[in-house]
Amino acid sequence: MAAPPPPLPSRPSSREPQRPVPASPRLSDKMAPVPVPLKDMKLMDVKLGQLPTWLAMRDFTPGGIGGALRRGYERYYNKYINVRKGGLGGISMVLAGYVVISYMWSYSHVKHDRRRKYH
């Protein structure tokens, strides 16, 4: 005859703190990460010593720069503009960037219009 199944644990009350369940080790946790070639690394993954080599591998032709700008625009558009519940965040970032860039472009003219104490 088989032994009866163990009793089910009682449901914890709302006052009782719940203990986290320890995660079981997976096979992927024990494996070493696959090395990624420096050419395929993202900028945030590049170490400071590898930065000159990584920059030398970038495509600085007009087509490469245009492609990078296009990818950046598509990433921004899909993250902030082309969303289901959009807000003012995406548009306000563009306007804030425009204000900062226009101030930087006109700074050489604006700095001469400052009020000086003795002139």
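Please treat every number below as a calculation from the coordinates, not as lab data. Quantities reported herein were computed from a predicted structural model and do not represent experimental measurements. A quick note on method: Cβ atoms are made from the backbone with ideal geometry, for glycine too, and the neighbour counts reach across all protein chains shown.
Stretching the chain fully between Val110 and Val46 yields a gain of 19.2 nm (0.36 nm per residue, less the alpha carbon separation). The gain in end-to-end length when the Ala96 to Val83 segment is fully stretched comes to 2.7 nm, 0.36 nm per residue minus the alpha carbon separation. Normalised radius of gyration (Cα atoms, divided by 2.2 N^0.38 Å) for region 46-109: 1.53. Counting only residues at least eight positions apart within a chain, or on another chain, there are no lysines with an alpha carbon under 23 Å from that of Lys111. Model label points for Val34 and Tyr76, set 7 angstrom from Cα along the Cα-to-Cβ axis, are 3.3 nm apart.
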